[in-house]
1. Tell me, in nm to one decimal, what length is gained between Trp258 and Glu194 on full extension, where the rule is 0.36 nm per residue of separation less the Cα-Cα distance?
2. If packing is taken as the average count of other Cβ atoms within 10 Å, what order do 613-623, 374-384 fall into, highest mean first?
3. Calculate, in nm to one decimal, what Arg682 and Thr239 gain on full extension: separation in residues at 0.36 nm each, minus their alpha carbon distance.
4. In what sequence, highest mean first, do 275-286, 422-433 appear when ranked by Cβ atoms within 10 angstrom?
5. Order of 89-97, 200-208 by packing, highest average Cβ count within 10 Å first?
6. For Glu80 and Arg281, compute 0.36 nm times the residue count separating them, minus their Cα-Cα distance, and round to one decimal in nm.
7. Quick one: if you stick a label point 7 Å off each Cα along the C-beta vector at Lys335 and Lys609, how many nm between them?
8. Whole-Hz Karplus ³J(HN,Hα) for segment 608-624, in order, using 6.51 cos²θ - 1.76 cosθ + 1.60 and θ = phi - 60°, x for Gly and Pro?
Amino acid sequence: MKSTRDKRIVDDRTAIVVGVWAVLAVFCSVGWGLPTAEQMLDELEGIPLPDQTINDRGHRIEAVVAYVEAYTTLGARFREQYPDHPEAVEIADREVSMVVRIRGVAPPTKWDAHLAQLQEWNGEVVARNPIYRWERLSSLRSQVSAARDESTEAHRKACREGFEWAAANADDDGARDFAHHIVTEIGKTGSAAELTAWFERFREAFPDDPRSQLPPNWEPAVEVGEPLTLTFEDVQGRTIETATLKGKVVVIDFWATWCGPCHAAAARLKKLYDTYKEAGRLEIVGVNMDAERKDVEKFLAERPYPWPVVWDAKDRYSARWQFTAIPHFLIIDQKGVLRFKGNTSQISNKVLEYLDPEAMLVNEDKTGLPAGILEPLTEPGASADEIFEALGSATEPDRDTVSAEVGEAAVRDAFPLCQAAHAAKLCQTAWTFLQQYPQDARCDRVLEIWAGWINDKEMAANPQVAAKVAGDDYPDFARQAKMLRETLGQGHDRLIDLAELIRDAEQAKVGGREAEVYPAIKKRLIDFCEAKPDDRLNVPAYFRVMGAMKKAFGDRDPAQEYGAPLRLVATDFEGRALDSAAWKGKVVLVYFGYYPQWHQSMLRELWRKHHGRGLEIVELNLDRDRDRIEAYIQTGKAPFEGSNKEADERVGWPVVIGEGNIRRWCLGWVYSAYPSLCVLNREGRLCYAGVGWARDEIKLGDDWYCVARSDAIEVIESLLSP
């Protein structure tokens, strides 16, 4: 069995052989006259392919880069000498594919220059290359998405650039979809006049696309909570205007004759329609999406619907909503406000939520949720001991158990209802204990249960379930928090502060106020954790608050832009004091997670190559088992099956354990998930934060080679460059 050192020698020899091959080929062409085209083609085909068995990521990439360098060098010479050869274009196309892929795993400057040379030689080859197109499309999509959060001006600029590229590549399905996506993006934020102008551009660029035939007065989709008025013409020629139906709940049902789930949903809607139509409380409009009008007319002749049916000619009505599956529903309340849009197997519940909440069915596919799920944990008048025991023995719903009782088809919708019921029961029971026994020594533990569940997202999303469980003690956070402060007095404020902090984080909305909302909540979290650094409440506080903020704002701290100073102060596993301030003048990579796993080879490669050049690495490991950590440091092997098979040497960089100081450090940057990385430049300022890793493949010859792109490596190597 070869050692790691032996493998490295073999890998290095592979790169040398490929390099010598390219040099000899060039030398021969200069020293002994121009080779024939056939000779050069043979040389290209004869370049040794990289060894597929190379395990070390760094050496595998070096071998792939060496092959691409040799191929592109000879390819450029071939085009120079035989520009009109029939295979010149094919060789150039192959080079484009390789260069586009390899630029992500090697410094891109050189490859960008080669790509520019190819564009100068034959821009059509580059523009039509499918891999180049895909990468360019992905890049433009990312630009449009990022610009949306920056400003309207930046968003429109990115949209224009993306649309121009899509129009120039109108034969590409992805380009057409991207152009239509841009138009719908404009529709969400722009005026009707702007949207009309963009649709005109879409029609000019893609005249054969069915979506280009939408009328110029096509309107953007409306978000839930906003007023919505719709106008239809049904198959009998009658005009239907939802504006005339105020005072009723209106359901728009997008369906097709060939859709089985659509018929099942229609049967449920018919039961509601029969009950509430005569009272003037419900109206339904079916929007049929069959390709041919005759199909829906034939269907209705055999199985007539009691409500108006509209044929969606050329996606006239459905395109604005951008859904990908049917049935799809819109629910408009009595005031003309859109309350729901989407697909659900619980459509009766969704309609009843706004039509007649008292009549709601908890589960439409069975007689009810699992037995006892809505029953209280204790009987009225229970003692403090009985309530405390019930709280301690309550178990969260199990998805498999729920599925066994309600059926697999219904579990997707039923399980969140069970989770909501569980949260409501815990809140209601804990609230009862705190109100009835405020002097009990166990109040802190019960208050912790209340604080942990009062902001449960499933309970908030299903208020009808919480109301059925809790009744008059419905978990109203503001009211209960105020009463608890008055009832329990000082000494319990920290738990209530935690609940309020989680509530504010969960309810945070972007709305253009990120710069003031996010820092305020983040500061409260830091103050909460620093007030009692070793308090076990810091762990749920960190993950609940940071998780909520990440959901609201994404992987971006609007108050912590790149360039902000960060400092790490900690004690590593071996007792050494670490302070990133002492590393000024060096580049610092901080890894955060449970063992490096797939980052391991990358960290080793960086440490081996750059530690002597001014790179420091710190690993913040979430494992608290000192025996496992020590074994990992000594061998480099993480304690899970199949990991780091090639590791056979001690971890060289410092490893920090202990959740307290790790999380206090991570409060300084946005990532609440793991594994993740951040990089500090030589001045101790944040210049990268992310996962640092993405799989990719490159085709060399007839085989695909797996490599891994790392934007973190690119950042580090650029910082270390002289």
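1. Gain on extension, Trp258 to Glu194, equals 19.3 nm.
2. Going by the mean number of other Cβ atoms within 10 Å, highest first, we get 613-623, 374-384.
3. This chain segment gains 152.6 nm when fully extended.
4. 422-433, 275-286
5. Working: 89-97: 19.7, 200-208: 14.4.
Taking the mean over residues of other Cβ atoms within 10 Å, the ranking is 89-97, 200-208.
6. Length gained between Glu80 and Arg281: 64.6 nm.
7. Taking the simple label geometry, Lys335 and Lys609 are separated by 6.0 nm.
8. Whole-Hz 3J(HN,Hα) from phi for segment 608-624: 5, 7, 10, 4, x, 9, x, 10, 10, 10, 10, 9, 9, 9, 6, 5, 9.
Each value in this text was obtained by applying a stated rule to the coordinates, not by laboratory testing. Here the structure is a predicted model, which is why all the values come from computation and not from measurement. Counting neighbours? That spans all protein chains shown, and the Cβs are built from the backbone with ideal geometry, glycine included.
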